[in-house]
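Please read the structure below before turning to the comments.
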Amino acid sequence: MRKSIKIKLIAAITAISIAASISVAAIAAESNELPSSLAKTVYGDVDHDGYVSTLDAIKIMKHSLRAQYIPRENCIAAGIAQAELTLNGALKIMKISINKKAVRVKGASVRVQSKNINIGESFSIGASVSPSNATNQYFAYKSSNPNVAEVDSLGNITAKAVGNATVTATSVDGGYSAKCAVTVNAQQPAGTMSFAGAVYKLCDNYSESYLYDQRNYKKFVENGSNVGCSATSEAIGASMYFGKAITPDSAQIGWINGVGATFALAKYRYSDCSLQSKLKTAYNQLQKGNPTIINTLGSYGDDHWVTIIGVKTGANASSLKSEDFLIVNPWGGVIGNLGTYLANNGRSIPNSYSMRAFEE
């Protein structure tokens with residue numbers, strides 16, 4: 001939005017004399033960031049058509065620029081030491097274009113209008129002016145609650161505490177502003193993952209690098225189809241159990257054409273037991289930090305193995321449900337909820353179907 005303000009500008013821009021034909025491009029010559037001593041605010045006395053620009057500000061201040069320093073009263077208003085604002089110091093960080101008309105700012109926007117982050121995380125608000133070739137592209141940033149979300153002179157926001165804050169970016173030229181709503185959450189405990197609104201305790205050696213996609217391994221192609229879900233699920237689980245990469249085509253992953261994985265690593269088999277019993281086994285293994293793998297039955301009688309890698313925090317061990325578990329589907333190497341996967345794909349886990357573990 002456009003607002004009328006008293007002259008409110010970065011102190012450095014007042015430190016340059018001007019004729020009507022001189023404009024200042026507020027771009028750092030040698031650095032991406034203005035020194036903090038210069039990224040302060042100085043107040044003047046004149047409105048100009050409802051807003052104040054870089055050029056207007058320089059005109060107001062030009063009489064004082066006959067000296068080497070900005071007047072003491074302006075430095076006091078900015079909260080900085082007078083000696084820090086030498087004319088030469090200002091010139092070093094400004095580029096001056098002679099005989100060029102300044103391009104005025106007509107609007108402002110931010111790339112990130114809302115953000116949910118955890119304590120300790122950071123992001124950039126991504127403020128920009130329009131038109132994109134405006135002469136003065138500097139912004140002043142302010143957080144409504146710096147104890148929750150702190151913003152620096154470049155628009156980088158850091159989450160400090162749980163709560164909400166609004167960070168406003170205001171263009172130095174024109175006083176146009178845009179806002180970002182920030183919500184800061186408590187830092188997620190190590191070894192957990194948030195998925196679809198729930199928090200899961202993960203197996204100890206979880207890593208995204210172990211989310212293998214069976215389609216990437218030609219070893220398992222039979223009759224034009226990739227049938228390596230059992231071997232890929234075992235490889236995913238084995239990598240997270242041993243804490244090192246064991247790819248589906250590794251020699252450690254046994255494979256027999258027409259049969260499937262030999263489960264040389266996931267050698268502890270649980271079958272001919274209820275789903276509740278299998279889920280309890282998966283739960284107990286995850287309490288020790290271990291993944292498991294489990295076979296599912298499709299409506300057309302087709303098997304498909306998945307790897308169980310997490311359990312919901314607070315899940316009731318005496319009445320476990322498939323919805324309590326986080327899995328990796330080897331078809332795509334994607335993470336999902338076990339209950340959702342079964343429901344959406346018309347699959348089940350019969351008593352006769354097996355699950356595998358890497359230790360008893």
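Assorted remarks:
- Lys115 accessible area, 1.4 Å probe, all protein chains in place, Å² to nearest 10: 80 Å²
- Rg over Rh, two decimals, the stretch 96-213 (C-alpha only, Kirkwood Rh): 1.16
- Summarising the amide proton neighbourhood of Val199: residues at separation of 5 or more, or on other chains, whose placed amide H is nearer than 5 Å comprise Thr313.
- The Rg/Rh ratio of the stretch 145-237, with both radii computed over alpha carbons and Rh defined as the Kirkwood radius, is 1.27.
- Residue-wise HN-Hα coupling along the stretch 254-265, computed from phi with Karplus coefficients 6.51, -1.76, 1.60 (Hz; x: Gly, Pro): x, 8, 10, 4, x, 10, x, 5, 8, 6, 5, 9
- Evaluated at q = 0.16, 0.26, 0.28 Å⁻¹, the base-10 log of the normalised Debye intensity for the stretch 281-329, with identical point scatterers placed on the Cα atoms, takes the values -0.47, -0.98, -1.08.
- Taking amide H as placed 1.01 Å from N in the peptide plane, the amide H of Gly332 sits under 5 Å from that of Gln214, Arg215, each at least 5 places away or on another chain.
- For the stretch 154-303, the relative contact order comes to 16 percent (Cα pairs under 8 Å, sequence separation of at least 6).
- Placing Arg111, Arg104, Arg347 in order of accessible area, with the largest value first and a 1.4 Å probe, yields Arg111, Arg104, Arg347.
- Cα→Cβ-extended label distance, 7 Å offset, between Ser318 and Asn164, nm: 3.9 nm
- Around Pro291: net Lys/Arg minus Asp/Glu count, Cβ-Cβ under 13 Å: 0
- Net charge of Cβ neighbours under 14 Å - reference Cys273; Lys, Arg +1; Asp, Glu -1: +3
- Accessible surface comparison of Ser132, Ser274, probe 1.4 Å, protein chains only, largest first: the order is Ser132, Ser274.
- Its residues counted as N, the stretch 215-360 yields a C-alpha radius of gyration over 2.2 N^0.38 Å of 0.98.
- To the nearest 10, the accessible area of Asp204 is 110 Å² with a 1.4 Å probe.
- Charged neighbours of Tyr217, selected by a Cβ distance under 15 Å, balance to -1 (K, R count +1; D, E count -1).
- Largest-first ordering by accessible area, 1.4 Å probe, given options Trp255, Trp305: Trp255, Trp305
- With all protein chains modelled, accessible area of Lys280 [1.4 Å, Å²]: 80 Å²
- Rolling a 1.4 Å probe over the protein heavy atoms gives the stretch 101-141 an accessible area of 54 Å² per residue.
The values are calculated or read from the model by the stated rules, or taken from the named source; none is laboratory data. Everything numeric here is computed off the predicted structure, so don't read it as measured data. Methodologically, a virtual Cβ is constructed for each residue, glycine included, from the backbone with ideal geometry; neighbour enumeration extends over all protein chains shown. Side chains are part of the model used for accessible areas, which takes the heavy atoms of the whole protein and leaves out ligands, DNA and RNA. Shrake-Rupley method; radii C 1.70, N 1.55, O 1.52, S 1.80 Å.
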